Every structure is written in C-alpha cells, then in structure tokens.
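Below is one structure; the comments refer to it alone.
Since every read-out is calculated from the coordinates, none of them should be taken as a lab result. Bear in mind that the values here come from a model prediction, so they are computed numbers and not experimental data. Backbone-built Cβ (ideal geometry, glycine too); neighbour counts: all protein chains shown.
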Amino acid sequence: MKNRIEEIQNRIKTAALRSSRRPEEITLVAVSKTKPVEDIIEAINSGINVIGENYIQEAREKYEQLKDSDLSWHFIGHLQSNKAKYAVKIFDLIQTVDSLKLAREIDKQAKKINKIQDILVQVNIGEEASKSGTSSEKTLNLIKEISLLENIAIKGLMTIPPYYDEPDKVGPFFKALRDLRDNIIRENIPGIDLNGLSMGMSGDFEVAIENGATLVRVGTAIFGERN
C-alpha cells in the first residue's frame, strides 16, 4: 500500500505543477468504505491523514477504534437528515450537503455540541437522475440560505461527475464546477469560503487537479477493489 500511496502523491504533485499550482494546495482523501480498520491503519502508517467514509454506521465503528489517531474524517456519501446527529460528532468536513433541510438539521445538531460544522455543497454537475446534489442553477440560492445558519461553515463545492472510461471527457464537468464556484465568489456572500473544490477520484483525479480540485477522493487506487 505504501508504494501505491507514494505513487498517487507523486501523480498529484506532477498534475499540480503541470497546472502551475502548488502541490500543497491539494488534499488526498483516502476513501476507505467497506475496508477494515487494519487497512486504514496501514494507510496512516504510509502517510495518509484524511479518511473519507460513505456510510454513517461503518464510520462510527471505525471512528471508535481510531479516535486516538491524528486523522481528519470526511463524510462523502449521501447523508440522510436523521443521521446528521452522528455525522457532526465524527466528521471534520461533510462534503455532501445538497438541501436546506439537511443543512438545517446539521446546524441544529452542531449547535447541541457547540460545534461549527464545516461543509461542502454537493452539485449534480452532470444533471444525472441517479446522483445526489443540487442543480447548478439552484446552487447560489442554496448557499445564500445555508450561509445564514450559525453553526455551519461553507468551505466550497463537491461533485461526482458522469463516469467515462477516458478521463479527459470528464474535464468539462470539473471546469463547470470551478466556473460555478468562481461566479458565486463574485456575489460576495458574507461568511462563506468557497476555496474548496472536491472532485476527482481514482480514475480522473489528475484531470480534476488540472481544473482546480483542492480535494481528491481516492479509494480503489489506494485500497484495491471494494470488498
């Protein structure tokens, strides 16, 4: 695993420099869904410090075993409002907020434990019926509404684009998310920080970096195929 992680980190660095960016701007999120705690410990020992989880129950079990580790936990799956109370206790960043209803519940639960919860707003950039996320057209208004909630801090946007065998075909979707982000920044909405762009996975993270990604979510290329 150490060799795989080093190779990915080198590819991240190369893609960043190719795009005249600093490699330090890009965070590797190791996606450990369905993988056992032993694999996460091996990843930590190989230099990983950010873990992405898709399922609340699985994350809770892993978090209990690893809570003494110096890890940052990111939630990257579809979050139901009734699970928000668990999410705010575990996750440093919830990447998949796509409705005001969910944001209000996260805000409510974060308030109970005196926490400001960092989030990303998930955008369904490819307008696929099978995927979560707000539409590009509704993103600005959603951000304006969420920005009024006291216990949430918006840190950027996230997307899962349509899948293609050829990574270059995904580039326009990544660029569309970056352009959307830049347009929203021009609105000067108080109290938000839209520097974060979570996009790109094992098959296309280099193209994502070339289009401005600051967080790349890599699972299979680190941990191997899903169990």
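Miscellaneous remarks
- With the highest mean first, a sort of the peptides 191-200, 64-73, 217-226 on other beta-carbon atoms found within 10 angstrom per residue produces 191-200, 217-226, 64-73.
- Positive dipole terminus of segment 109-179, leading residue within GLN109, LEU177, GLY133 (C-beta point charges): GLN109
- Extended-chain gain in nm, criterion 0.36 nm per residue less alpha-carbon gap, ILE189 and SER135: 17.5 nm
- Over 20 Å [Cα-Cα, the chain], rounded percent: 58 percent
- Between ARG60 and SER147, the simple label model (points 7 Å from Cα in the Cβ direction) yields a spacing of 3.5 nm.
- At R0 = 35 Å, FRET efficiency that the Cβ-Cβ distance of LYS89 and ARG18 yields, to 0.05: 0.35
- The charge dipole of the chain, taken about its Cα centre with unit charges on the Cβ atoms of Lys, Arg (+1), Asp and Glu (-1) only, comes to about 560 debye.
- Prolate/oblate/rounded label for segment 1-124 (Cα gyration tensor, a/c 1.5): oblate
- Net +/- balance of residues flanking TYR55 in space, Cβ distance below 13 Å, scoring K and R +1, D and E -1: +3
- For segment 20-82 versus segment 144-197, the spacing of their alpha-carbon centroids is 21 Å.
- Selection from LEU149, ILE76, ILE119, by position along the positive dipole direction of segment 2-223 (Cβ): LEU149
- The count of lysine pairs in segment 79-139 that are at least 8 places apart or cross chains, and whose C-alpha atoms lie under 22 Å apart, stands at 21.
- For the peptides 178-185, 105-112, the ranking by packing is 105-112, 178-185, with the highest mean count of neighbouring Cβ atoms within 10 Å listed first.
- Taking each residue as 0.36 nm, the span from ASP179 to VAL37 lengthens on full extension beyond its C-alpha to C-alpha distance by 47.3 nm.
- By the count of neighbouring beta-carbon atoms within 10 Å, fewest first, MET201, MET158 end up ordered MET201, MET158.
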